[in-house]
Every structure is written in C-alpha cells, then in structure tokens.
Amino acid sequence: MKLEATLHQLFGYETFRPGQREIIEALVEGQDVLAILPTGMGKSLCYQLPGYLFSKPVLIISPLLSLMQDQVDQLKQRGEKRVVALNSFLSPEQKQYALHFLHEYRFIFVSPEMLLQPQVKARIEQMELSLMVADEAHCISQWGFDFRPDYLRIGEVFAQTNRPPILALSATATDTVMEDIQRYLNMRGPLCYMHSVNRENIYLMKKGFTNKEQKIEWIVDHVSNTAGPGIIYTQSRAKSEAISLQLLEKNIAAAAYHAGKDAQDRQFIQQQFLTDKLEWIVATNAFGMGVHKDNVRQIIHETMPATLSNYMQEIGRAGRDGLDAVAFLLYAEGDEKFAKFIATEDLPKEVHIDRFMQVIANGEQPNALLTRGELTEVSFRVLNYWLQQESPEQVKKRMQEMQLKKFAEVNLVLKLIEQTDCMREQVVRYFGQQLAQKQQNCCSNCGLDITPFMKPRAEQQQTQMTTWQQRLQQILLRN
C-alpha cells in the first residue's frame, strides 16, 4: 500500500511527520496503538487517513464539546460530509436521525458520557467499525478517577471479541498514565509510539513575585508591551474575568474563557481568538484542548498548574507553527496552597461518603444530595461510581490516596519553580525521557535571554467600538 500517495491525494502532504506512518501501518494491520505525539504533530491524521482506507465507520471518543466541534468543522471544511458529532448540541430529533443512519457516516465523534447512554451504546455495539479512537486519552487517567468516572467505563464498549483496532492518542503521558490507558481501554499488546515531549521552540521562563498583586501588575505591563497572540492561564473564573477587563481597559483585545460561560459564548470567544480578532485569552484550564491555532507566541501561567502534565499540555499550545514562543510560569508565596485546594476541592470527604450511604439506607435516591446542594456535581459522579465498585471504607481510603497524590503532583510543580537545575530537563525527566542534547536557548535556570523572542506590541489605534468589542461587552455584562 502506497501510503504517501494516499496522503498526498487526500491531504496534500508530500511526507508523513515523525511517527504517523508507523502508527497508520500498525492500524492497517489490525494492531492496537498507543501514540504519544506532542501538540502540532498531526495526531488527527493518524485516524483520518485510515478512515479513508477502510470502508467502515471510525468511532472517535472526544473529551470536550469544543474539541469535538472543532474536529468536525475541520473535516467539513475539507469537504467531508459523512461526519457527525453525537453530543448535547443535538435536538432529540437530530439525535434519533443520527443514530438511525449512524452506519452511513465515515467519522463518528462522541463523548464518553454520550457513548455510555444505553441507546447509543446499544447502537454502537451492533455496528461494524473499522477503528476505535480515544482522543486525548490521558483524560482516562487524569480525569477518570476523580472527575469523569465514565472514562473508566468506555472499555465496556471496547471489550468486544471481534472489535476493530484501538488507537489511543495523547500529547503527554507518564508510564502510569500509559498503563491506565491500556488497562481501561482493554488494549491488546499495543504498539506504543512515544515521541519526545520536548518542544525546542518553546522557551521556559519562571518569575517570582512578593505577592499576587505584583503578578497581575506584571502581566498587564508585559502584555501591553509585547506581541501575542497568547494565553494566560489562571485557576479562578473571577480572576480570569478581572484580568481580561484590565487588559481591555488598556485597549488590548482580550477575553475571559471558563466553564461558567455558556457554550455559545465560549465558541464565539474561541472563534475570535482563532481568527486573530482577539490577541489574548485569559482562561481556566477549560480552554486549549483541541484549539488549533498555530501562531500562539506566549503562554503565561498566572498561578501554578496542578501537575507537570497540565503544564506541558498547556505550554504545548504555543509555537505549533515551529516558530519561537515563550512560556512564563509565575509564582508568589502561597500559590502552592491554593493549587492544592483547587486540585482537591471536589474530592468527596468521609462525611460525604457517610451521608451518601445514609441516604441510601433511608430509601432515598442518592441524587437527592445533588438536588439539595449537599454534594457538587463532580463529587456526586465520583461517589456514585466508586460506591458501586467498592465498599464505603475502600472508597474513603481511595479518596485519601487521591488527595495525597494530588498534593504530591503540586509539590513537583513547586520543585520546578524552586530548583535551580534546567527546567527543561526536569520536565522531560518527569515523563521518563532524557534530552537528546542541550539546546543553546533553554530556560531561566540556564540563563535564557528572551529579548530576541519578544517582539514589541503594535499600538492599537483608538477607533470606534468594533463588533467583537460590542459582543464581548454583552458577554461580560451577562456574567
């Protein structure tokens, strides 16, 4: 099979990027594949090209509505009509239509929660598929145990005896995450392809501050004087709104992005950023996965991420075009305490587990706890899953272990901030890899001068309020 000819005919590329050919060849031969490819290395082509080689549908499990919609839109822009996304955007009538004709689609996108709905699960199980894909597969390990337990159940669909090959895709994964992926997807002797997580064109900077207010002052001044586009990550919805407002006051096209905004507003903001109508996004970690913007020049972490995996996922959204980009990690004393609080905020406590069991003993439905506000939606999902798998005492022990694990992950990020040896080496080592060679421009600890990589921001002309500004004001007033 001449894969290069097919690649050129369908996608217009002359050659494969590293890893793509090996992955596709294994899938064509019927082998499961676990592929770790950095952001911008063409993960989606690894299932799209086989989708045209096979005559049966490809099922893609995708974690976020925005990511799913972006992938569907990209396929449609290339002329692919046989693509559908089963998600909450569909009306009941549209969902029934899609399920009835599901076998006629080439690419079927679905979330874990939708996949496990009885009607959808039954329909998928009676179909012949050519390929099953778990996109952003690290979510199985990073979200499945304590955020979205349905991720741990998708293996139920993947456990068929005569199933097609499985492709698990991610940008980053530790050995533990890779083991979780293989286990919970019921993979059979997969080819494991792991590209280096190092992105040489992203330069790593860290900056210390006396207090949190100084960090905000630095961000506003820095963004006012250096060119984007860029993303500022923070861990608070309120803070993302506050920072974006300060930037707007400086005539910088910026917007806040977080899960508190409705789906339509988030899509609008994302589209404005993708089309360069916004210079900066100020976001919680709800933003970024699947955002295909090649020219992001800066990533700023206003507060420390909860894990090194999150850090690498988020800075990996810069420099997808291969050009220089800079990632800033800001720190003020006490940031790690807030990071630990955010990381464990929704973990059920012993009192929640006891209350859950008491409600069941009283003959009530457990979701009464959710209705009465005694549990958050995340805590309820976690308990509802684990208390069906384990005893209350086992679940209590599991929650305690999860808390300690999350604290340890935050401490590793703090170590990255506090230690003086190469930041790049530390991060790469976390993923069980080593740097092939020491690069000239590297990180703060290696004496990096970012001046050559920071272009000055062009002054924005004071003009009449534009459409994007009017729309953003409407969004801000509504939230």
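May I ask for the distance between the Cα centers of the stretch 178-220 and the stretch 369-440, given as a whole number of Å?
Result: 13 Å between the Cα centres.
Taking each pair of distinct Cα atoms in the stretch 1-47 once, what is the resulting Kirkwood hydrodynamic radius in Å?
It is 11.1 Å.
To the nearest 20 debye, what is the magnitude of the charge dipole of the stretch 133-213 about its Cα centre, counting +1 on the Cβ of each Lys and Arg and -1 on the Cβ of each Asp and Glu?
Here the stretch 133-213 has a charge dipole of around 100 debye.
What fraction of the Cα pairs in the chain, stated in percent, has a spacing above 38 angstrom?
Tail of P(r) above 38 Å: 27 percent of Cα pairs.
To make sure I understand, if each residue's beta carbon is the centre and we count other beta carbons within 10 Å, what order do D175, D146 fall in, fewest to most?
Starting with the residue having the fewest Cβ neighbours, the order is D175, D146.
Using alpha carbon centroids, what distance separates the stretch 319-337 and the stretch 291-318, in Å?
Rounded to whole Å, the Cα centres lie 7 Å apart.
Mind checking the dipole of the chain: about its Cα centre, +1 per Lys or Arg Cβ, -1 per Asp or Glu Cβ, Debye to the nearest 20?
The calculated dipole for the chain is roughly 460 debye.
Take E136, E4 and order them by how many other Cβ atoms sit within 10 Å, fewest up front.
So the residues, fewest neighbours to most, are E4, E136.
So which of K337/K397; K206/K340; K43/K438; K43/K81; K95/K277 end up more than 25 Å apart, counting from Cα to Cα?
K43/K438; K95/K277
Within a Cβ distance under 11 Å of S236, other residues only, what is the Lys/Arg minus Asp/Glu net charge?
+1
Put +1 on the Cβ of each Lys and Arg and -1 on the Cβ of each Asp and Glu in the stretch 99-152; which of A122, S111, F147 then has its Cα farthest toward the positive end of the dipole?
In the stretch 99-152, that residue is A122.
Taking the Cα centre of the chain as the origin and placing charges on Cβ (Lys, Arg +1; Asp, Glu -1), which of P229, N211, N198 is farthest toward the positive end of the dipole?
In the chain, that residue is P229.
Nearest 500 deg cm²/dmol is fine: what mean residue ellipticity at 222 nm does the chain get from its DSSP H runs of n ≥ 4 alone, each adding -39,500 (n - 2.57), divided by its residue count?
-13000 deg cm²/dmol
Going by average Cβ density within 10 Å per residue, which order do the peptides 448-456, 164-172 take, highest to lowest?
164-172, 448-456
Restricting to DSSP loop positions (anything but H, G, I, E, B) with no more than 16 other Cβ atoms inside 10 Å of their own Cβ, which trypsin sites (Lys or Arg not before Pro) remain in the stretch 1-90?
Within the stretch 1-90, the qualifying trypsin sites (Lys or Arg not before Pro) (loop, at most 16 other Cβ atoms within 10 Å) are K2, R78, K81, R82.
What ranking of R153, R317, R183 emerges when the number of other C-beta atoms within 10 Å of each C-beta is taken as an exposure proxy, fewest first?
Starting with the residue having the fewest Cβ neighbours, the order is R183, R153, R317.
Assuming 0.36 nm per residue, please report the length gained on full extension of the stretch Y52 to E401 beyond their Cα-Cα distance.
Additional length available on full extension: 121.2 nm.
Give the Debye-formula value of log10 I(q)/I(0) at each listed q (0.08, 0.11, 0.12, 0.14 Å⁻¹), with one equal scatterer per alpha carbon of the stretch 3-194, two decimals each.
The Debye formula, applied to the Cα set alone, gives -0.23, -0.45, -0.54, -0.75.
Could you list the trypsin sites (Lys or Arg not before Pro) in the stretch 184-235 that lie in coil according to DSSP, counting only those with at most 14 other Cβ atoms within 10 Å of their Cβ?
Passing sites in the stretch 184-235 are R188.
Evaluate the distance, in nm, between pseudo-label points positioned 7 Å from the Cα of N441 and of E350 along their respective Cα→Cβ axes.
Spacing of the two 7 Å Cα→Cβ label points: 5.4 nm.
Where nothing but the Cβ of Lys and Arg (+1) and of Asp and Glu (-1) is charged, how large is the charge dipole of the stretch 3-194 around its Cα centre, in debye to the nearest 20?
420 debye
For the charge dipole of the chain, defined by +1 on Lys and Arg C-beta atoms and -1 on Asp and Glu C-beta atoms about the Cα centroid, which residue among N362, G373, A325 has the Cα displaced farthest towards the positive pole?
Most positive-ward Cα: A325.
Values in this text are rule-based calculations from the coordinates and carry no lab data. Everything quoted here is computed from the prediction, not taken from an experiment. All Cβ positions, even for glycine, are placed from backbone atoms using ideal geometry, and neighbour counts span all protein chains on display.
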